[in-house]
Amino acid sequence: MIVIKVELHSAITGEVTTLVEGKIRNDGTGTPGVGNYEFEAGRKGGGVARRSRVEGFPRGRLNVWHLLARCLGAAEYK
């Protein structure tokens, strides 16, 4: 599982606040070169804001930033 955290680091106090968290899970149905993933975008305060699915991701050719971009696009974040 890949966990994505968006944090706010205060320049004044140094306090770190987690704003939201997302999760990308490999669903185990792909091949060594191509993966299928499920994504959950967290809601501030807990819970799930949106879900999406990415199929046929070429994990050997593209990196995690590409996977995150596809997950966000599939969840209709623009």
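Take Val64 and tell me if it is within 14 Å of the chain's Cα centre (by Cα) and either modelled with pLDDT under 95 or loosely packed, with under 15 Cβ neighbours inside 10 Å (or both). Yes, satisfied.
Just one of the listed residues (Thr18, Thr13) is free of Cβ contacts under 8 Å to residues at least 12 places away in the same chain and β-branched (Val, Ile, Thr), and it is Thr13. Of the residues making up region 1-25, those that are in a strand (DSSP E or B) and among the polar types (S, T, N, Q) are Thr17, Thr18. Within region 27-46, take every residue that is free of Cβ contacts under 8 Å to residues at least 24 places away in the same chain and under 11 Å from the mean Cα position of the chain (by Cα) and give me the one that is nearest to Leu62 (Cα to Cα). The selected residue is Glu38.
Residues in region 26-55 that are closer than 16 Å to Lys78 by Cα and not in a strand (DSSP E or B): there are none. Across region 56-65, which residue is farthest from Ile4 (Cα to Cα) among those that are touching a residue at least 12 places away in the same chain (Cβ under 8 Å) and not in a loop (DSSP other than H, G, I, E, B)? Per the stated criteria, the residue is Gly56.
The values are calculated or read from the model by the stated rules, or taken from the named source; none is laboratory data. Quick caveat: nothing in here was measured; it's all calculated off a predicted structure. No Cβ is skipped: glycine too gets one built from the backbone with ideal geometry, and neighbour counts run over all protein chains shown.
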